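Student: This is the structure I want to talk about, given as structure tokens.
The values are calculated or read from the model by the stated rules, or taken from the named source; none is laboratory data. Computed from a predicted structure; not experimentally measured. Using ideal geometry, Cβ is built from the backbone for each residue, glycine included, and neighbour counts are taken over all protein chains shown. Calculation scope for accessible area: heavy atoms of the full protein, side chains included, ligands and nucleic acids excluded. Shrake-Rupley method; radii C 1.70, N 1.55, O 1.52, S 1.80 Å.
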Amino acid sequence: MAYDEKLAERIRKRLGKRAGVTEKKMFGGIGFMLHGNMCCGVHGQAMIVRIDPEKTDQTLGERHTRAFDLTGRAMKDWILVAPDGLSNDAALAKWVRAGADYAATLPGKK
């Protein structure tokens, strides 16, 4: 599955030169890691965002979101944001910040 390279570039720019950010091909798309923990990525045309599992239900109540589910079992701390929910820089920034903020609370991986 191809992924939206333009969306990946927008995320890349938003993450900027933040220390500890790396990229990894995954899920047929690309993931952006913060100290080894996925914070966000691109799957097809949608953005993957890793969030606090305790905020999943609340977050899924927001427009343009759905559970990230590749296997029939949704991952409690990962959501997908549809392209319509990323139409401007402020919307993208909100989701990048949410993913990066949560990943920053996790112990780093090597």
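Student: Within the range 90-102, does at least one residue satisfy the condition of being loosely packed, with under 13 Cβ neighbours inside 10 Å, modelled with pLDDT of 95 or more and part of a strand (DSSP E or B)?
Tutor: no
Student: Something else: Taking the condition in contact (Cβ under 8 Å) with a residue 12 or more places away in the chain, open to solvent by 30 Å² or more (accessible area, probe 1.4 Å), among the acidic types (Asp, Glu) and in contact with a helix residue (DSSP H, G or I) (Cβ under 7 Å, 6 or more places away or on another chain), does residue 77 pass?
Tutor: Numbers: in contact (Cβ under 8 Å) with a residue 12 or more places away in the chain: yes; open to solvent by 30 Å² or more (accessible area, probe 1.4 Å): no; among the acidic types (Asp, Glu): yes; in contact with a helix residue (DSSP H, G or I) (Cβ under 7 Å, 6 or more places away or on another chain): yes.
Answer is no for this residue.
Student: With the condition kept exactly as written, say whether any residue in the range 68-84 is part of a loop (DSSP other than H, G, I, E, B) and in contact with a Leu (Cβ under 8 Å, 6 or more places away or on another chain).
Tutor: Residues of the range 68-84 that are part of a loop (DSSP other than H, G, I, E, B), as a first pass: 68-77, 82.
Narrowing further to those that are in contact with a Leu (Cβ under 8 Å, 6 or more places away or on another chain): 68.
Yes, the range 68-84 has at least one match.
Student: Condition check: out of contact with any Pro (no Cβ under 6 Å at 6 or more places or on another chain) and either aromatic (Phe, Trp, Tyr) or within 19 Å of residue 106 (Cβ to Cβ) (or both). Does residue 50 satisfy that?
Tutor: Details: out of contact with any Pro (no Cβ under 6 Å at 6 or more places or on another chain): yes; either aromatic (Phe, Trp, Tyr) or within 19 Å of residue 106 (Cβ to Cβ) (or both): yes.
Judged against the criteria, residue 50 is a match.
Student: Moving on to the next point. Consider the range 66-103. How many of its residues are of a type outside the set (Lys, Arg) and under 13 Å from the mean Cα position of the chain (by Cα)?
Tutor: We begin by selecting, within the range 66-103, every residue of a type outside the set (Lys, Arg); these are 67-72, 74-75, 77-93, 95-96, 98-103.
Applying the additional criterion that residues be under 13 Å from the mean Cα position of the chain (by Cα) yields 67-68, 75, 77-83, 85-86, 91-93, 95-96, 98-103.
Number satisfying all stated conditions: 23.
Student: Among what's in the range 26-42 and is modelled with pLDDT under 95 and not aliphatic (A, V, I, L, M), pick the residue that is least open to solvent (accessible area, probe 1.4 Å).
Tutor: Filtering first and then ranking leaves 29.
Student: So residue 63 clears everything in (1) modelled with pLDDT of 95 or more; (2) open to solvent by 40 Å² or more (accessible area, probe 1.4 Å); (3) closer than 24 Å to residue 109 by Cβ except one condition, right? Which one?
Tutor: Tallying (1) modelled with pLDDT of 95 or more; (2) open to solvent by 40 Å² or more (accessible area, probe 1.4 Å); (3) closer than 24 Å to residue 109 by Cβ, residue 63 fails exactly one: (3).
Student: I would also like to ask the following. Among the listed residues 6, 17, identify the single one that is surrounded by fewer than 13 Cβ atoms within 10 Å (Cβ to Cβ), at pLDDT below 95 and over 12 Å from the mean Cα position of the chain (by Cα). Let's see the steps before the verdict.
Tutor: Values: 6 fails: at pLDDT below 95.
Checking each option against the conditions leaves just 17.
Student: Look at residue 29 and say whether it is within 13 Å of the chain's Cα centre (by Cα) and under 19 Å from residue 104 (Cα atoms).
Tutor: Numbers: within 13 Å of the chain's Cα centre (by Cα): yes; under 19 Å from residue 104 (Cα atoms): no.
No, not satisfied.
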